[in-house]
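This report concerns only the one structure given below.
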Amino acid sequence: MNRFRGVFMVMAAGVAFWEGWRLRSTRFALSAVGLGVLALALGLWHLLHKPAKPRE
């Protein structure tokens, strides 16, 4: 599940960066790029973080 979340968040970061580039002349561009950075960081964390062991 973490791999799926990680890939999904990296894709969401790509969309956010695309929207930030597309809206580069508006005041919303910085928000889109900020959300892209956040989504990329969260996606990489999900991909690189070792999953917790299930409780018994």
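The values are calculated or read from the model by the stated rules, or taken from the named source; none is laboratory data. No experiment lies behind these values; they were computed from the predicted model shown. FYI the Cβ positions are ideal-geometry reconstructions off the backbone, even for glycines, and counts take in every protein chain you see. Heavy atoms of the whole protein, side chains included, go into the accessibility calculation; ligands, DNA and RNA do not. Shrake-Rupley method; radii C 1.70, N 1.55, O 1.52, S 1.80 Å.
Subtracting the Cα-Cα distance of TRP18 and LEU47 from their residue separation scaled by 0.36 nm leaves 8.3 nm.
Out of the chain, which trypsin sites (Lys or Arg not before Pro) are coil in DSSP terms and have no more than 13 other C-beta atoms within 10 Å?
ARG24, ARG27, ARG55
Which order do you get for GLU19, GLU56 if you rank them by accessible area with a 1.4 Å probe, largest at the top?
From most accessible down to least: GLU56, GLU19.
Angle check, please: helix 29-48 long axis (alpha carbons) against the longest principal axis of the chain (alpha carbons), in degrees 0 to 90, nearest 10. Helix 29-48 sits roughly 20 degrees off the main axis of the chain.
A crude spin-label estimate for the pair ARG27 and ASN2, with each label 7 Å from Cα along the Cβ direction, gives 4.1 nm.
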